[in-house]
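Everything below concerns the one structure shown next.
The values are calculated or read from the model by the stated rules, or taken from the named source; none is laboratory data. In this text, all values refer to a predicted model and were calculated from it rather than measured experimentally. FYI the Cβ positions are ideal-geometry reconstructions off the backbone, even for glycines, and counts take in every protein chain you see.
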Amino acid sequence: MVGQPRGAPALVSALLALAALSPWPALAADQVCDPDAGYLSGPEYLRAVSLDLRGRPPSLEEYELLGADGEVPDAVLDGWLASPEHAERVVRHHRDLLWNALDDQEYLHPNARLGQTREGVWFRNRGGFTRVLRGAQTGCSDHPAEFDEDGELIVTRVGGVADEGWVWVEPFWDPGSRIKVCALDADDAEIGSDGLSCEGPRRSGSLSCGCGPHLDGCMPPAYHDVLADSFVEDVDRRIRANILEDRPYTDLLEGSRVWVNGPIVHFMRRSAPYAVNGLDRTPYAAELLPDLEWNDRDVWVEVDLGPEQAGFFTSPAFLNRFTTNRGRANQFANNFLCQPYMPPPGGLPPVVEDPPLDLTARDGCKFCHALLEPHAAHWGRWDGAGYLDADLVPAFDAACEACGLNGGRNCPEECAVYKVRTVGDEELPYVGWLPAYTFLEERHHANVEVGPKLLVRQSIASGLLPACVAEKAGSRLLGRELTGGDDVWLDAVTAGLEADWSYRDLVRAVVTSDNYRRVP
């Protein structure tokens, strides 16, 4: 008699387990044990946990590891929670929470964008540069540039429009190649016509500076997509590392650890659109960045930034995805406090004539804005996606107040980040202040100066943030919205999260609970 092949008992057991999950008629009671009514059987439970933690069903060998009581061994569960597959599941979950996508966002400085003429000559094709340099929004003609005996560029003017021809340039995005670039745009002078340095990110925003060596101060069309993908990947890497290393989840909310690659380094050092109006607002200090070039897209380096950082709430991806402080606070409230700003019962009251400009005092609006405005103020020093360092940019500037009260004329260029124009007399007391201080009560001034990190810590202390993190994770894993009947269970899961802030332990608590094993 031919014996059974090795491993046959394991195979039979696994097939029986799979049969219990199939749409075909159930096996007889003596073939498969009937699970406790209302709860997933051992094989069903193993499959559910594997799909939720790894995105795939268990292997036949893993079915054989089920305990006699249908429990998943701790070693198996620990391995799944520590796996790269589980980290990717958590990354995907947070993409939904953060709306982490920049496909439709526009965050590059318009004066540094490159385009091509019909003849294929590259030039800066947006507004300011073309009008200032040439007198019209156009590129140069398709002929080589000429220089006089002193090496000065010869520029001709026809009907007030300048034309200088092109020069060959080896662009930073394609080393070893040559492209035709309008000579005025290709200028690589270190000092602009205004007498200020063109080095660093200022080259992107100053009308007096050319694109620089290898055009590294300007941006071709493909630049945006590559950079956007890099910013998104930075946040993904933060989350992935947090799970794989089992670090405190709070690191993601208020930490300063980021990942950069070549495109991000290039952007922060040379092309960041934060240096307009004489202020360097680049969020990543150049001295902290590694030595990478644009084409080092797949080279990622971990960098520890300054105390102003607040995890992914100050990441370029988040700040560029939500470009207003109210939008940032709204996303935080919706998906990390589970407290959306809602109108009062019955809706908003009728609009009245001459309502106050202060939304926290306006009927109907104050119901939400009494909370929204102080929350939004936490991003008051994040001008766009750039950071206004308090040592360089004080909360109040007397010179900007003076020019603002004089009608906003002849203001110093640094006043671009201050309030110098008002909508009505109610705003006059805030002229010369950073805009985030407008109508902000003095007790909330610390929100601006400390930043989103303070909002995170206040939300942890109130218990709203850990409860929401637990609720979002629980809802995802249970496959349904939580209800009032889940409150006791959610309180216990939240308490476990607050004990050690391990997201892995949070997931473990959910998938090992009776709520998870209960058949819907």
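Quick rundown of the values:
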{"item": "Test set (1) more than 30 Å from residue 136 (Cβ to Cβ); (2) surrounded by fewer than 21 Cβ atoms within 10 Å (Cβ to Cβ); (3) under 20 Å from the mean Cα position of the chain (by Cα) - residue 176 fails condition number", "result": "(3)"}
{"item": "Selection count, the range 251-261, where residues are in a helix (DSSP H, G or I) and surrounded by fewer than 18 Cβ atoms within 10 Å (Cβ to Cβ)", "result": "1"}
{"item": "Boolean, residue 130 is part of a helix (DSSP H, G or I) and either among the polar types (S, T, N, Q) or modelled with pLDDT under 85 (or both)", "result": "yes"}
{"item": "Some residue of the range 289-308 being buried (at least 20 other Cβ atoms within 10 Å of the Cβ) and either under 30 Å from residue 369 (Cβ atoms) or free of Cβ contacts under 8 Å to residues at least 12 places away in the same chain (or both)", "result": "no"}
{"item": "Matching residues in the range 249-294 - criterion: being modelled with pLDDT of 95 or more, small (Gly, Ala, Ser) and more than 17 Å from the chain's Cα centre (by Cα)", "result": "262"}
{"item": "Helices (runs of 4 or more DSSP H) contained entirely in the range 389-472, each with at least 3 residues that are of a type in the set (Ser, Thr, Tyr) and either free of Cβ contacts under 8 Å to residues at least 60 places away in the same chain or surrounded by fewer than 17 Cβ atoms within 10 Å (Cβ to Cβ) (or both)", "result": "none"}
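So that you can scan it fast, the table gives a plain yes or no per residue for (1) closer than 30 Å to residue 102 by Cβ; (2) loosely packed, with under 12 Cβ neighbours inside 10 Å; (3) at pLDDT below 90; (4) of a type outside the set (S, T, N, Q):
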| site | (1), (2), (3), (4) |
| --- | --- |
| 142 | no, no, no, yes |
| 159 | no, yes, yes, yes |
| 167 | no, no, no, yes |
| 196 | no, no, yes, yes |
| 201 | yes, no, yes, yes |
| 206 | yes, no, yes, no |
| 209 | yes, no, yes, yes |
| 222 | yes, yes, yes, yes |
